[in-house]
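Asker: Structure below; questions to follow.
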Amino acid sequence: MELSDYLRILRQRWILITAVALVALGAATALTLTSTPQYQSTARMFISTPESNSSDAYQGGLFTQQRVTSYASLITGEEMARRVLDELGEPGSGARSLAEQISATVEPETVVLAVSATDPSPERAQQIAQTTAEVFTEYIAELETPPGRTAAPVKASITDPATVSTSPVSPQPVRNVGLALVLGLLLGVGLAVLRDVLDTRIKTPADLAEAAGGAPALGHTEFDKKVSGQPIAPADDTHSARAESYRVLRTNVQYVNVDAESRVLVVTSSMPSEGKSVTAANLAVSLANAGYRTLLIEADLRKPKASSYLDVVGTVGVTTVLLRKITWRDAVQQTPWGCDVLAAGATPPNPAELLQSEAMSTLLADVRQAYDIVLIDAPPLLPVADAALLAAQADGALLTVRHNSTTTDQVRGSADRLASVGAALLGTITTMTPPAKKGSRYGYGYGYGYGSGSGSGANLLEARGAVTPGGRRSRRTPAAAPEWDQLTETDDVPEDGARPTGERVPPVDEPAGHSTGRGGRDPQSSDDRSRALRRAPLRAQPVDEVPSHPRDTSSDDTGSSPVQRNRQVPAGTPRTRRRRDV
């Protein structure tokens with residue numbers, strides 16, 4: 001791992017690091033507040049030997065330096081503790097516990113011995129330390145006196161008697177809090193690094209590219225809480241980051257297998273709940289808005305969802321066609337968003353067998369000839385084999401990957417599953433990414449929009465429903481009928497008061513002397529407006545004059561198929577519909 005990786009971990013896992021540091025800080029604070037203050041008192045002793053000359057003094061100094069370490073061990077023993085208790089008038093009250101309160105240290109390269117005693121009471125600590133020093137002076141004389149002699153060669157003298165301490169030696173709040181903070185930060189950073197190493201979820205484009213074997217990233221869609229209530233992104237909303245992400249995805253998909261006249265692409269995922277059906281439906285709508293003849297096949301026969309997103313009948317579709325109960329042309333349904341949908345139909349007991357049947361191959365061959373782009377909403381790759389079977393019959397697969405949910409192992413497994421059947425992984429689509437922030441690795445976002453109300457020609461045409469963002473006339477919004485003052489003099493006005501249908505012409509000339517522009521001049525002459533009218537006539541066509549769709553060939557006693565009856569429009573409804581030769 002490089003320094004940039006550690007910085008990324010600190011930026012992403014700062015909550016974990018802070019939480020661990022706060023827990024350690026809180027534990028240290030609680031321990032400090034609940035601990036009983038301890039006071040310490042110290043007495044110092046000097047160990048010496050009697051000497052007669054300088055040579056004896058030097059040898060005596062070496063002797064005492066060698067013995068003073070042993071004296072420190074004797075002071076902390078239980079024998080000394082019993083003698084101290086006897087001196088304090090507390091015999092048998094616990095020599096071992098008292099020995100734990102007494103400590104002795106030797107100053108380096110000296111014969112000075114320091115005796116310390118710790119107790120919750122400063123007075124008792126002073127009493128224990130002083131008594132221990134006094135008892136030890138007698139005890140060392142007893143130990144060092146040879147048999148038959150009355151004087152010991154070593155003498156212990158108290159140089160600094162014990163005093164009463166005014167401040168406790170423990171706990172030390174500043175030291176405890178500082179150590180806890182440092183240890184907590186170190187522990188938090190360690191846990192963050194460990195979690196990042198063990199976490200194999202896809203979080204960056206680099207992780208996805210490595211797991212997908214170098215497959216290109218075609219785009220990403222941001223997480224939006226409105227998806228559950230509005231799964232289809234509004235294509236006419238130029239300020240919507242979600243709609244723009246599908247437009248970017250549409251642009252990148254156009255360059256997939258660009259040499260083919262028509263393309264059949266499978267949209268799938270590694271596991272369920274990764275947004276494949278929403279992505280497939282929105283991509284189909286976006287491609288249709290760009291002028292492509294687009295068909296979405298709902299091939300997820302186990303849990304179909306795309307038909308409900310696009311508001312079409314789901315009981316007639318793929319299974320009905322594969323069982324030869326209806327032709328695919330009659331089963332295809334048009335949506336208000338411009339794309340065609342072949343729903344899943346009834347749920348079969350053997351989805352995999354149906355999808356790898358000869359009837360499915362024939363269906364894909366037929367729709368390939370009739371449409372520019374065919375999208376197949378397939379089940380996830382890892383749980384079932386349906387998507388791999390479909391991808392082998394199509395031009396390839398688009399793999400949707402849920403941000404911070406799908407793991408690298410799952411993406412590798414999906415790529416291996418496609419490779420095992422000879423299917424190509426054409427690209428990946430990351431779904432439910434967090435909103436773009438400054439420095440985000442998933443793009444700069446789309447918060448600035450195009451600026452509504454700018455008055456540009458494209459915006460005005462889109463506002464009137466004349467064209468779609470892709471440059472074609474919208475099929476769901478009829479062309480605006482001409483105003484009464486825009487009709488030619490030869491147009492007949494119906495007697496029932498309905499607005500007639502005719503060519504749109506400029507307003508009649510203003511009366512003489514009327515100023516319509518700067519300087520009192522008419523900005524456009526009547527002849528110029530007539531020439532403009534002849535160059536770009538716009539005519540609204542009633543629905544009754546629209547030729548019947550080529551798919552509308554099967555009918556029952558009422559003269560229409562069940563799917564057609566779901567799409568019938570009341571007679572006399574003024575709308576336009578672009579004819580599509582399928």
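Asker: Does Ile17 satisfy being touching a residue at least 40 places away in the same chain (Cβ under 8 Å), assigned to a helix (DSSP H, G or I) and touching a Gly at 6+ places or on another chain (Cβ under 8 Å)? Give the derivation first.
Answerer: Details: touching a residue at least 40 places away in the same chain (Cβ under 8 Å): yes; assigned to a helix (DSSP H, G or I): yes; touching a Gly at 6+ places or on another chain (Cβ under 8 Å): yes.
Yes; evaluated as a whole, the condition is true for this residue.
Asker: Restricting the search to the stretch 100-114, which residues are surrounded by 14 or more Cβ atoms within 10 Å (Cβ to Cβ) and under 18 Å from Asp86 (Cα atoms)?
Answerer: Scanning the stretch 100-114 gives Gln101, Ile102.
Asker: When you scan the stretch 378-389, how many residues do you find that are in contact (Cβ under 8 Å) with a residue 40 or more places away in the chain, open to solvent by less than 30 Å² (accessible area, probe 1.4 Å) and in contact with a helix residue (DSSP H, G or I) (Cβ under 6 Å, 6 or more places away or on another chain)? Talk me through it step by step, then tell me what you get.
Answerer: First pass over the stretch 378-389, keeping only residues in contact (Cβ under 8 Å) with a residue 40 or more places away in the chain: 378-384, 386-387.
Now restrict to residues that are open to solvent by less than 30 Å² (accessible area, probe 1.4 Å): 378-381, 386-387.
Applying the additional criterion that residues be in contact with a helix residue (DSSP H, G or I) (Cβ under 6 Å, 6 or more places away or on another chain) yields 378-379, 381, 386.
Qualifying residue count for the region: 4.
Asker: Can you tell which of Gly422, Gly396 is on the phi > 0 side of the Ramachandran plot and either in contact (Cβ under 8 Å) with a residue 60 or more places away in the chain or in contact with a strand residue (DSSP E or B) (Cβ under 8 Å, 6 or more places away or on another chain) (or both)?
Answerer: Being on the phi > 0 side of the Ramachandran plot and either in contact (Cβ under 8 Å) with a residue 60 or more places away in the chain or in contact with a strand residue (DSSP E or B) (Cβ under 8 Å, 6 or more places away or on another chain) (or both) holds for just one of Gly422, Gly396, which is Gly396.
Asker: Kindly indicate whether Asp340 is at pLDDT 95 or above, touching a Phe, Trp or Tyr at 6+ places or on another chain (Cβ under 8 Å), of a type outside the set (S, T, N, Q) and open to solvent by 10 Å² or more (accessible area, probe 1.4 Å).
Answerer: Values: at pLDDT 95 or above: yes; touching a Phe, Trp or Tyr at 6+ places or on another chain (Cβ under 8 Å): yes; of a type outside the set (S, T, N, Q): yes; open to solvent by 10 Å² or more (accessible area, probe 1.4 Å): no.
No; evaluated as a whole, the condition is false for this residue.
Asker: Just to be sure I understand, how many residues within the stretch 324-337 are over 22 Å from Leu283 (Cβ atoms) and open to solvent by 20 Å² or more (accessible area, probe 1.4 Å)?
Answerer: 5
Asker: Follow-up question, since we're still on this one. Please list, ordered by first then second residue, the pairs with beta carbon atoms under 7 Å, 6 or more apart or interchain, first in the stretch 190-208 and in a helix (DSSP H, G or I), second of a type in the set (A, V, I, L, M) and at pLDDT below 90.
Answerer: From residues that are in a helix (DSSP H, G or I), the pairs are Ala192/Ile9; Val193/Ile9; Asp196/Ile9.
Asker: Next up: Going by what's in this entry, would Leu399 be described as touching a helix residue (DSSP H, G or I) at 6+ places or on another chain (Cβ under 8 Å), closer than 15 Å to Asp300 by Cα and surrounded by fewer than 24 Cβ atoms within 10 Å (Cβ to Cβ)? Explain how you work it out, then say what you get.
Answerer: Numbers: touching a helix residue (DSSP H, G or I) at 6+ places or on another chain (Cβ under 8 Å): yes; closer than 15 Å to Asp300 by Cα: yes; surrounded by fewer than 24 Cβ atoms within 10 Å (Cβ to Cβ): no.
Taking the combined requirement at face value, the residue does not satisfy it.
Asker: I'd like to know if the stretch 46-69 contains one or more residues that are within 26 Å of Pro171 (Cα to Cα), at pLDDT 85 or above and not small (Gly, Ala, Ser). Break it down stepwise before answering.
Answerer: Of the stretch 46-69, the ones within 26 Å of Pro171 (Cα to Cα) are none.
No - not one qualifying residue is present in the stretch 46-69.
Asker: Which residue, of Ala359, Ala392, Ala346, is farther than 30 Å from Val197 by Cα and part of a loop (DSSP other than H, G, I, E, B)? I'd like the intermediate steps shown before the answer.
Answerer: Details: Ala359 fails: part of a loop (DSSP other than H, G, I, E, B); Ala392 fails: part of a loop (DSSP other than H, G, I, E, B).
The conditions single out Ala346.
Asker: In the list Val285, Val278, which residue meets the criterion of being farther than 25 Å from Ala352 by Cα, open to solvent by less than 60 Å² (accessible area, probe 1.4 Å) and at pLDDT 90 or above?
Answerer: Values: Val278 fails: farther than 25 Å from Ala352 by Cα.
Among Val285, Val278, only Val285 is farther than 25 Å from Ala352 by Cα, open to solvent by less than 60 Å² (accessible area, probe 1.4 Å) and at pLDDT 90 or above.
Asker: Please verify whether Val321 is under 21 Å from Asn282 (Cα atoms) and surrounded by 24 or more Cβ atoms within 10 Å (Cβ to Cβ), treating the condition exactly as stated. Quick ask: steps written out before the conclusion?
Answerer: Details: under 21 Å from Asn282 (Cα atoms): no; surrounded by 24 or more Cβ atoms within 10 Å (Cβ to Cβ): yes.
Taking the combined requirement at face value, the residue does not satisfy it.
Asker: Let me spell it out: the conditions are (1) outside any strand (DSSP E or B); (2) under 23 Å from Ala81 (Cα atoms); (3) open to solvent by less than 40 Å² (accessible area, probe 1.4 Å), and Glu138 meets all of them except one. Which number is the exception?
Answerer: If we test Glu138 against (1) outside any strand (DSSP E or B); (2) under 23 Å from Ala81 (Cα atoms); (3) open to solvent by less than 40 Å² (accessible area, probe 1.4 Å), just (3) comes out false.
Asker: Filter the stretch 203-239 down to residues that are at pLDDT below 80 and polar (S, T, N, Q) and give me whichever is surrounded by the fewest Cβ atoms within 10 Å (Cβ to Cβ).
Answerer: Within the stretch 203-239, the match that is surrounded by the fewest Cβ atoms within 10 Å (Cβ to Cβ) is Ser228.
Asker: Would you point out which residue out of Ala152, Ala133, Ala162 is assigned to a helix (DSSP H, G or I) and either exposed (fewer than 14 other Cβ atoms within 10 Å of the Cβ) or on the phi < 0 side of the Ramachandran plot (or both)?
Answerer: Details: Ala152 fails: assigned to a helix (DSSP H, G or I); Ala162 fails: assigned to a helix (DSSP H, G or I).
Selected residue: Ala133, the only one of Ala152, Ala133, Ala162 that is assigned to a helix (DSSP H, G or I) and either exposed (fewer than 14 other Cβ atoms within 10 Å of the Cβ) or on the phi < 0 side of the Ramachandran plot (or both).
Asker: Quick one: is Val374 among the aliphatic types (A, V, I, L, M), in a helix (DSSP H, G or I) and touching a helix residue (DSSP H, G or I) at 6+ places or on another chain (Cβ under 9 Å)? Lay out the reasoning, then the answer.
Answerer: Values: among the aliphatic types (A, V, I, L, M): yes; in a helix (DSSP H, G or I): no; touching a helix residue (DSSP H, G or I) at 6+ places or on another chain (Cβ under 9 Å): yes.
Against the criterion (among the aliphatic types (A, V, I, L, M), in a helix (DSSP H, G or I) and touching a helix residue (DSSP H, G or I) at 6+ places or on another chain (Cβ under 9 Å)), Val374 does not qualify.
Asker: Residues being open to solvent by 70 Å² or more (accessible area, probe 1.4 Å) and not aliphatic (A, V, I, L, M): count how many of those fall in the stretch 170-200. Reasoning before the result, please.
Answerer: At the first step, the residues of the stretch 170-200 found to be open to solvent by 70 Å² or more (accessible area, probe 1.4 Å) are 172-175, 179, 181-183, 185-187, 191, 194-195, 197-198.
Among the residues that remain, those that are also not aliphatic (A, V, I, L, M) are: 172-173, 175, 195.
Residues flagged as open to solvent by 70 Å² or more (accessible area, probe 1.4 Å) and not aliphatic (A, V, I, L, M) within the stretch 170-200 amount to 4.
Asker: Checking the structure you have, find out if any residue of the stretch 363-371 is part of a loop (DSSP other than H, G, I, E, B), of a type in the set (Asp, Glu) and closer than 18 Å to Leu295 by Cβ. First the steps, then the outcome.
Answerer: At the first step, the residues of the stretch 363-371 found to be part of a loop (DSSP other than H, G, I, E, B) are 371.
In the following step, the residues that additionally are of a type in the set (Asp, Glu) were identified as none.
For the stretch 363-371, residues part of a loop (DSSP other than H, G, I, E, B), of a type in the set (Asp, Glu) and closer than 18 Å to Leu295 by Cβ: absent.
Asker: What pairs come out if I take residues in the stretch 161-185 that are under 29 Å from Val20 (Cβ atoms) and pair them with residues that are open to solvent by less than 80 Å² (accessible area, probe 1.4 Å) and among the β-branched types (Val, Ile, Thr) whose C-beta lies under 7 Å away, six or more apart or interchain?
Answerer: Partner pairs satisfying both residue conditions: Pro171/Thr32; Pro173/Thr32; Asn176/Thr32; Val177/Thr29; Gly184/Val20; Leu185/Ile17.
Asker: Hey, among the residues in the stretch 297-315 that are crowded, with 20+ Cβ neighbours inside 10 Å and charged (D, E, K, R), which one's farthest from the chain's Cα centre (by Cα)?
Answerer: Among those residues, the one meeting the criterion is Glu298.
The values are calculated or read from the model by the stated rules, or taken from the named source; none is laboratory data. On a predicted model such as this, the values are computed, not experimentally measured, just so you know. Cβ coordinates were reconstructed from backbone atoms using ideal geometry, including for glycine residues, and neighbour counts include every protein chain displayed. In case anyone asks, the SASA skips ligands and DNA or RNA and just uses the protein heavy atoms, side chains included. Shrake-Rupley method; radii C 1.70, N 1.55, O 1.52, S 1.80 Å.
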